[in-house]
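Chemist: What follows is a structure written as C-alpha coordinates; I'll ask about it next.
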Amino acid sequence: VVPIDVTSNIPNTSAIAILVKMNPLPLSSHFEFANGATADVSVRLKVSQTSIIRAVAKADGKFYSTQKEVKVTVGGCGG
(Lines give C-alpha, C1' and ligand atoms only; values in the text may rest on other atoms or scores of the structure.)
Protein backbone atom coordinates (compact mmCIF):
# COMPACT_ATOMS: atom_id res chain seq x y z
CA VAL A 1 0.00 0.00 0.00
CA VAL A 2 1.47 3.34 -1.11
CA PRO A 3 0.40 6.73 0.30
CA ILE A 4 -0.23 9.28 -2.46
CA ASP A 5 -0.82 13.02 -1.96
CA VAL A 6 -1.86 15.26 -4.86
CA THR A 7 -2.40 19.02 -4.70
CA SER A 8 -3.22 21.26 -7.65
CA ASN A 9 -2.43 24.96 -7.42
CA ILE A 10 -3.88 25.54 -10.88
CA PRO A 11 -6.83 27.96 -10.61
CA ASN A 12 -10.29 26.46 -11.22
CA THR A 13 -9.18 22.83 -10.85
CA SER A 14 -12.39 20.82 -11.09
CA ALA A 15 -11.09 17.22 -10.98
CA ILE A 16 -8.06 15.06 -10.19
CA ALA A 17 -7.56 11.47 -11.35
CA ILE A 18 -4.80 9.09 -10.20
CA LEU A 19 -3.65 6.28 -12.48
CA VAL A 20 -1.28 3.37 -11.80
CA LYS A 21 0.10 2.16 -15.13
CA MET A 22 0.88 -1.46 -14.18
CA ASN A 23 -2.31 -2.19 -12.19
CA PRO A 24 -4.99 -4.33 -13.89
CA LEU A 25 -7.35 -1.31 -13.77
CA PRO A 26 -5.12 1.77 -14.17
CA LEU A 27 -7.69 4.34 -12.98
CA SER A 28 -7.25 4.07 -9.23
CA SER A 29 -9.24 7.10 -8.10
CA HIS A 30 -11.11 10.15 -9.39
CA PHE A 31 -12.17 13.21 -7.42
CA GLU A 32 -14.32 16.18 -8.43
CA PHE A 33 -14.25 19.54 -6.67
CA ALA A 34 -17.00 22.11 -6.22
CA ASN A 35 -16.32 25.65 -7.37
CA GLY A 36 -13.80 27.24 -5.01
CA ALA A 37 -12.80 23.99 -3.25
CA THR A 38 -9.12 23.27 -2.59
CA ALA A 39 -7.90 20.60 -5.01
CA ASP A 40 -6.02 18.45 -2.49
CA VAL A 41 -6.37 14.66 -2.08
CA SER A 42 -4.62 11.91 -0.10
CA VAL A 43 -5.11 8.22 -0.85
CA ARG A 44 -3.47 4.89 -0.09
CA LEU A 45 -3.23 2.70 -3.20
CA LYS A 46 -2.37 -0.95 -3.67
CA VAL A 47 0.49 -1.20 -6.13
CA SER A 48 1.45 -4.75 -7.09
CA GLN A 49 4.70 -3.98 -8.92
CA THR A 50 7.03 -1.11 -9.78
CA SER A 51 4.97 1.33 -11.84
CA ILE A 52 4.49 4.89 -13.01
CA ILE A 53 1.84 6.70 -10.96
CA ARG A 54 0.28 9.61 -12.85
CA ALA A 55 -1.91 12.41 -11.53
CA VAL A 56 -4.13 14.26 -14.01
CA ALA A 57 -5.82 17.54 -13.09
CA LYS A 58 -8.63 19.16 -15.07
CA ALA A 59 -8.85 22.97 -14.93
CA ASP A 60 -10.87 25.25 -17.23
CA GLY A 61 -11.40 22.41 -19.70
CA LYS A 62 -7.67 21.64 -20.02
CA PHE A 63 -5.77 18.65 -18.63
CA TYR A 64 -2.43 18.78 -16.81
CA SER A 65 -0.44 15.78 -15.63
CA THR A 66 2.60 14.74 -13.67
CA GLN A 67 4.05 11.34 -12.91
CA LYS A 68 6.52 9.54 -10.69
CA GLU A 69 7.87 6.00 -10.69
CA VAL A 70 7.21 4.07 -7.48
CA LYS A 71 9.46 1.05 -6.95
CA VAL A 72 7.91 -1.90 -5.14
CA THR A 73 10.45 -3.97 -3.23
CA VAL A 74 10.21 -7.02 -0.98
CA GLY A 75 8.81 -5.84 2.34
CA GLY A 76 7.82 -2.33 1.24
CA CYS A 77 7.97 0.45 -1.31
CA GLY A 78 10.70 2.87 -2.25
CA GLY A 79 10.71 6.00 -4.37
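The values are calculated or read from the model by the stated rules, or taken from the named source; none is laboratory data. Predicted, not measured: the structure shown is a model, and the values here were computed from it. All Cβ positions, glycine included, derive from the backbone under ideal geometry; neighbour counts span all protein chains shown. Accessible surface areas use protein heavy atoms only, side chains included; no ligands, DNA or RNA. Shrake-Rupley method; radii C 1.70, N 1.55, O 1.52, S 1.80 Å.
Chemist: Can you give me the % of accessible surface on segment 1-49 that is carbon or sulfur? Probe 1.4 Å, all protein chains present, nothing else counted.
Modeler: After summing per-atom areas, the C and S share lands at 53 percent.
Chemist: Ok, one more. Any idea what the relative contact order of segment 1-70 is, in percent, if you count C-alpha pairs under 8 Å spaced at least 6 apart? Don't skip to the end; give the middle numbers.
Modeler: Values: 140 pairs, mean separation 27.2, N = 70.
Computed over segment 1-70, the figure is 39 percent.
Chemist: Further question: Which sequence of PHE63, PHE33 reflects their accessible areas, 1.4 Å probe, from the largest down?
Modeler: PHE63, PHE33
Chemist: Could you give the dipole magnitude of segment 8-79 about its Cα centre, charging the beta-carbon of Lys and Arg +1 and that of Asp and Glu -1, in debye to the nearest 20?
Modeler: 260 debye
Chemist: In addition: Hey, in the GNM for the chain with a 10 angstrom Cα cutoff, which one of LYS21, LYS68, LYS58 fluctuates hardest?
Modeler: LYS68
Chemist: Of the listed values (i) -0.34, -0.40, -1.22; (ii) -0.29, -0.34, -1.38; (iii) -0.43, -0.50, -1.41, identify the label whose number matches log10 I(q)/I(0) by the Debye sum over Cα atoms at q = 0.12, 0.13, 0.26 Å⁻¹ calculated from this model.
Modeler: The value matching this structure is (i).
Chemist: Counting only heavy atoms of protein chains, what accessible area per residue, in Å², does the chain have with a probe of 1.4 Å? Could the numbers behind the result be given before it?
Modeler: Numbers: 5350 Å² over 79 residues.
I get 68 Å² per residue for this part.
Chemist: Would you mind checking which residues have amide H under 5 Å from ALA39's amide H? H placed 1.01 Å from N; only 5 or more apart, or other chain.
Modeler: SER8
Chemist: Once ligands and nucleic acids are excluded and a 1.4 Å probe is used, how much of THR38 is accessible, expressed in Å² to the nearest 10?
Modeler: Solvent-accessible area, nearest 10 Å²: 110 Å².
Chemist: Of ASN12, ASN23, ASN35, which is the most mobile in a GNM of the chain whose springs link Cα atoms less than 10 angstrom apart?
Modeler: ASN35
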